[in-house]
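Read through the structure below, which is laid out as structure tokens, and then see the notes.
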Amino acid sequence: MKRWAATSAIILPGNYDKPKQPERVQPSVALEPEKKKAATMPKVIQDEFSALPISRQRKWQLRQVRDGNCKRCGRKRTSYPQLCDPCQLYESLYRFL
Ligand SMILES: [Zn+2]
């Protein structure tokens, strides 16, 4: 039982430290509506994928691959073309089950 828990802790990608999300600024009540919107909404991303007729998820994946990150979890890639090491290991182990 203990052995199984130890192996799963190594293999599963969800157990690794996830990359931190950028902190959102909490707008105060005194801000005007436009400034309030600018403080809460993230900036619109304009790049080569913006106009493509594909889903937001696929655009995110393409941007991650372009920036050298894993297309599944967003961590930095080291040795594989699209996935990080834990995700690639997960994929290799469970693809054919
Ligand atoms: Zn990954």
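The values are calculated or read from the model by the stated rules, or taken from the named source; none is laboratory data. The shown structure was predicted, so the numbers you read here are calculated from the model rather than taken from an experiment. Positions of Cβ are generated from backbone atoms using ideal geometry, with glycine treated the same way; all protein chains shown enter the neighbour counts.
Just to be sure I understand, how many residues within segment 35-54 are touching a residue at least 12 places away in the same chain (Cβ under 8 Å) and part of a helix (DSSP H, G or I)?
2
Suppose we keep only residues that are among the aliphatic types (A, V, I, L, M) and over 26 Å from Glu23 (Cβ atoms) within segment 41-54. Which one would you say is farthest from the ligand (Cβ to nearest atom)?
Ala51
Are any residues in segment 71-88 in contact with a Ser or Thr (Cβ under 8 Å, 6 or more places away or on another chain) and part of a loop (DSSP other than H, G, I, E, B), and if so, which ones?
Cys84
Taking the condition of being within 23 Å of Leu83 (Cα to Cα) and either more than 13 Å from the chain's Cα centre (by Cα) or among the small types (Gly, Ala, Ser) (or both), how many residues in segment 46-65 meet it?
Adding up the residues that qualify gives 7.
I need a count of the residues in segment 71-97 that are more than 26 Å from Phe49 (Cα to Cα) and more than 11 Å from the ligand (Cβ to nearest atom).
Residues meeting the conditions: 6.
What pairs come out if I take residues in segment 72-88 that are over 18 Å from Arg56 (Cα atoms) and pair them with residues that are near the ligand (Cβ under 6 Å from one of its atoms) and outside any loop (DSSP other than H, G, I, E, B) whose C-beta lies under 6 Å away, six or more apart or interchain?
Cβ pairs passing all conditions: Pro86/Pro13; Cys87/Pro13.
If I filter segment 26-46 down to residues being among the hydrophobic types (A, V, I, L, M, F, W, C) and surrounded by 10 or more Cβ atoms within 10 Å (Cβ to Cβ), which single residue comes out as modelled with the highest pLDDT?
Let us first name the residues in segment 26-46 that are among the hydrophobic types (A, V, I, L, M, F, W, C), namely 29-31, 38-39, 41, 44-45.
In the following step, the residues that additionally are surrounded by 10 or more Cβ atoms within 10 Å (Cβ to Cβ) were identified as 31, 38-39, 45.
On the way: Leu31: 66, Ala38: 69, Ala39: 74, Ile45: 89.
The qualifying residue modelled with the highest pLDDT is Ile45.
Determine if segment 55-70 includes at least one residue that is within 11 Å of the ligand (Cβ to nearest atom) and loosely packed, with under 11 Cβ neighbours inside 10 Å.
No, segment 55-70 contains no residue that is within 11 Å of the ligand (Cβ to nearest atom) and loosely packed, with under 11 Cβ neighbours inside 10 Å.
Looking only at segment 55-70, which residues are in a loop (DSSP other than H, G, I, E, B) and of a type outside the set (Ser, Thr, Tyr)?
Start the filter on segment 55-70 by keeping residues that are in a loop (DSSP other than H, G, I, E, B), which leaves 55, 67-68, 70.
Within segment 55-70, Asp67, Gly68, Cys70 meet the criteria.
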